[in-house]
Amino acid sequence: MNPEPSPADTLRKVIRIAQVNGMVVVFPVAGLCALVEVALGDWFGAGVGFLVAAAGWSEWHGAKLLKRGEARGMAWLVRSQLYLLGLIWLYALTQMARYNPDYVRSSLQELNRVGGINVQEMLENLGYDTQEVVQLGRTFCYVLYGSFALVAVFYQGGLALFYRRRTAAVRAALGGGDQTK
């Protein structure tokens, strides 16, 4: 069995994880997604992307506070994960509620018109009709966003728990209290 890490080691590990995770959330995940959504004209998606970037910045800010010796940074880390979890759930549920079967039907018709693909004939050859494809699209939407929300429970919830369980060790490494300036 491995010995318990020292409070100083725990502090270094928490800071490293928070810095990396915070920057990954801000730039490649939220930042790029928000810019793509703006380019596509999806203002709801862009807004969510910017709010997710704020969650990443919040985690990065918590790490910065810890580096300065301020134990209150741990609260920033825990809250950033719970905030991000809430955003992910809000986004997933909204996307499930926004599923539009008419959009799927019109997309199939658009393929016929623009692409010269006889989608109806292709579907019939595969043993499907348009209604079944629309239902399959709904199922896919629910599975996709439901999985996304479930993974977030484990990742963001797990990270919030990870930070919360290390608060006492971090406080000990910082001298037992919040040392704000």
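Bear in mind that the values in this text are calculations on the coordinates, not laboratory data. As the structure is a prediction and not an experimental result, all values here were calculated from the model. Because the Cβ atoms are built from the backbone with ideal geometry, glycine has one as well, and the counts that use them run over all protein chains shown.
GNM remark for the chain: springs join alpha carbons under 10 Å apart, and the peak mean-square fluctuation among GLY45, GLY137, GLY62 falls on GLY137. Across region 7-173, the mean sequence separation of Cα contacts (distance under 8 Å, 6 or more residues apart), normalised by length, yields a relative contact order of 28 percent.
Gain on full extension, evaluated as 0.36 nm per residue between LEU35 and GLN120 minus their Cα-Cα distance, stands at 27.1 nm.
Around the Cα centre of the chain, unit charges on the Cβ atoms of Lys, Arg, Asp and Glu (plus for the first two, minus for the last two) sum to a dipole of about 1340 debye.
Just one of (1) 36, 21, 14; (2) 29, 18, 15; (3) 46, 17, 12 is semi-axes √(5λ) of the Cα gyration tensor in Å as worked out from the coordinates here. Which one is it? Given (1) 36, 21, 14; (2) 29, 18, 15; (3) 46, 17, 12, the calculated one carries the label (3). Computed from backbone phi, the HN-Hα couplings of region 29-37 come to 7, 6, x, 5, 4, 5, 5, 5, 5 Hz, rounded to whole numbers (Karplus: 6.51 cos²θ - 1.76 cosθ + 1.60, θ = phi - 60°; Gly and Pro given as x). Only helical runs count toward this figure. For the chain, summing -39,500 (n - 2.57) over DSSP H runs of n ≥ 4 and dividing by all residues gives -26500 deg cm²/dmol at 222 nm.
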